[in-house]
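Okay, structure first, notes after.
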Amino acid sequence: MIHDPDALRPREAVLQHLLDGITEFIVLKDGKGRWLVANQAVVNTYGLQDLDFLGKTDLELLALRPEHESAYRYNIKTDEQAWAHGSALTVYKQFEIDGRMNTWEVVKLPRFTPDGARDQLLIVSRNITDRVEAEAALRDNEQKYRLIAENMTDIIGTRNARGILTYLSPSLEYQLGHRPEDYVGRQPGRLIHPDDMLILQQTSPTDIGCLDVHTRPVRCRLKNSAGEYRWFEITRALTREQNTSSYQVVFACRDIHERVHYEQQLQDMAYRDPLTGVANRRQLLDSLQDLINTTPARLAVLYLDVDHFKGINDHFGHDIGDELLISLAHRLGQQTGGNDLVARIGGDEFVVVLSNTDHEKARRVADQLCTTLARPWHIKGSEYRTTSSIGMAFYPDDGQHVHTLLNRADQALFRAKNAGRACVMVYDPTMR
C-alpha cells in the first residue's frame, strides 16, 4: 500500500484500491531498494499490517519480521540480478505459508533514468503452487504409466490425428522384433496385414464425444521382423493431447496368436472330418446352403461311396479301411477344383459339390472320378482294388433346398448300386 493513504489524491486512492483487489503480489521499489508501493496481498503474506513499512528496504524489514528472513534475503539477491540483467527477469521462490510450501513465479522489471541510473523496480509475483503440485503429480503419473508400459508384454502406443505413430513401448521389440524408434514418426501400415487395414479404419475412434472410452477390441495381424504375421487383439481410446486442443489415439495390442490357433483347431474339429481332413456333414450343409443363397449358377451334387466297403473292413481290418478312406479323400481333392467342396458324411460315404457347372461338364467330372477311384490303392506295402458308385443331382433343376438335393443324389446312388456298381447315375423324377 502507498504511504499515508489518507493524504492520497482520489486518483491514487482508486489505483490503490485496484491493486489491493489483485491476488498477485505487486511491489514497487526505488533504485535503492526502498518499498514505495505494495498491495494488500503482500501486506497480508508478510504480516505488515501494523508496520510503517513503506520507505524501508528488505534488509530493514528483515529486522522487523525475522520469520521471513529467507524470503527477504532472496528478494535482495534477485533484485540485484534483475538490475544486472537490465530487462525483465523471471525467477522462482518458495516459502512456507500456513504449513504449506508455496511456489511463486516472480517477474522483476527494472527501469533506469536517462543517464543509466537505477530508478524503479516493479515486482509482480504469482502464486503457482497449485500448478506446480499438479504438474508434479502429472509427472509422477506419467512416470508410473511409462514404467508400466515399458515393462509389460502388451504393445502400447499412441498416434496423432494424422495417423502418425508418436510412441511405441519397448515391448514392440520383444513381441515383433522391431525397434520402436524405427516406426515412431511413421504411419503403422507397414506393420499391419493388408487384409486387416479396412476393419481397423472402420472401427477407429473418431467421435470427440467418446473421449477416453475404449473401443470394441479388434483382431488384426501384425508382421514381425521375420516377415511372419501374428494375431493381436487391439483396443483403442481417443484422448486429448496434453495442453492442446488436438486429439490422439492410445492403443494396446495383446498377442492372441496361440488363442486364435486354438480356436482354429476347435473350428476344424467342428467342421472337419477327423479321419480324412475334408469337410464333415455340418460344414457340407452350411457351405451348400451358402452356395444356394449366393450363386445364380448351376451346382452339381455328387453322392458316392466305396463298393463292398464292409467286406474290406471285415477281411483286412479297420486300419486298412481307414487308410483307404484317407487316400480316397485325397484323390477326390486332386480331381476337383479349388471352388469345389469335398465332404465325408459318414462311414464310406462322400459328397462332392461342383460349383458353377453344367450337366455335360459335371458328368465328365463324375465319370473321371469313377475311373480314378477304381485305380489300385497302395497301402502299407500292399495293393488293394475297389470301385465306387456315384449318384448325381443338380441345382436348381432337381431341387432348390439342401436336403432335397442330397436326398435326390442319394436316390441316384441307389440306382447306380442296382445297375451293377462302379458307375454314375444322374437323378431323374422316375427315381422318386
State whether one or more residues within the range 414-431 are touching a residue at least 40 places away in the same chain (Cβ under 8 Å), within 54 Å of the chain's Cα centre (by Cα) and under 24 Å from Gln334 (Cβ atoms).
-> no
Among the residues of the range 125-140, which ones are part of a strand (DSSP E or B) and of a type in the set (S, T, N, Q)?
-> Ser125, Asn127
Residue in the range 383-405 that is most open to solvent (accessible area, probe 1.4 Å), counting only those that are in contact (Cβ under 8 Å) with a residue 60 or more places away in the chain and within 22 Å of His308 (Cβ to Cβ) = Thr387
Can you tell me which residues in the range 16-38 are open to solvent by 60 Å² or more (accessible area, probe 1.4 Å), more than 18 Å from Arg126 (Cα to Cα) and either modelled with pLDDT under 90 or touching a His at 6+ places or on another chain (Cβ under 6 Å) (or both)?
-> His17
Counting only helices (runs of 4 or more DSSP H) entirely within the range 39-124, those with at least 2 residues that are open to solvent by less than 20 Å² (accessible area, probe 1.4 Å), of a type outside the set (Ser, Thr, Tyr) and touching a Leu at 6+ places or on another chain (Cβ under 7 Å) are 69-85
Would a scan of the range 359-369 turn up a residue that is more than 49 Å from the chain's Cα centre (by Cα), crowded, with 20+ Cβ neighbours inside 10 Å and free of Cβ contacts under 8 Å to residues at least 60 places away in the same chain?
-> no
Over the range 297-324, the set of residues buried (at least 16 other Cβ atoms within 10 Å of the Cβ), within 20 Å of Val365 (Cα to Cα) and either of a type in the set (A, V, I, L, M, F, W, C) or over 47 Å from the mean Cα position of the chain (by Cα) (or both) is Leu299, Ala300, Val301, Leu302, Tyr303, Leu304, Asp305, Val306, Asp307
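Suppose the filter is under 30 Å from Leu238 (Cα atoms) and modelled with pLDDT of 80 or more; does Gln120 pass it? Before the answer, list the steps.
Values: under 30 Å from Leu238 (Cα atoms): no; modelled with pLDDT of 80 or more: yes.
So Gln120 does not fit the description; no.
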Among the residues of the range 152-210, write down those that are assigned to a helix (DSSP H, G or I) and surrounded by 16 or more Cβ atoms within 10 Å (Cβ to Cβ).
-> Ser171, Leu172, Glu173, Gln175, Leu176, Pro180, Pro188, Leu191, Asp196, Leu200
Within the bounds of the range 187-208, is there any residue that is modelled with pLDDT under 70, polar (S, T, N, Q) and within 13 Å of Arg236 (Cα to Cα)?
-> yes
Working carefully through the options Thr336, Thr294, find the one that is hydroxyl-bearing (Ser, Thr, Tyr) and open to solvent by 80 Å² or more (accessible area, probe 1.4 Å).
-> Thr294
Please name all residue pairs, on different chains or six or more residues apart, with Cβ atoms under 9 Å, provided the first residue is in the range 272-297 and is under 9 Å from Val402 (Cβ atoms) and the second residue is part of a helix (DSSP H, G or I) and open to solvent by 70 Å² or more (accessible area, probe 1.4 Å).
-> Leu285/His403
Out of Asp182, Asp212, which single residue is modelled with pLDDT under 90 and of a type in the set (Asp, Glu)?
-> Asp212
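The values are calculated or read from the model by the stated rules, or taken from the named source; none is laboratory data. Bear in mind that the values here come from a model prediction, so they are computed numbers and not experimental data. In this analysis, Cβ positions are derived from the backbone assuming ideal geometry, glycine residues included, and neighbour counts consider all displayed protein chains. Keep in mind that these areas ignore ligands, DNA and RNA; they rest on the heavy atoms of the full protein, side chains included. Shrake-Rupley method; radii C 1.70, N 1.55, O 1.52, S 1.80 Å.
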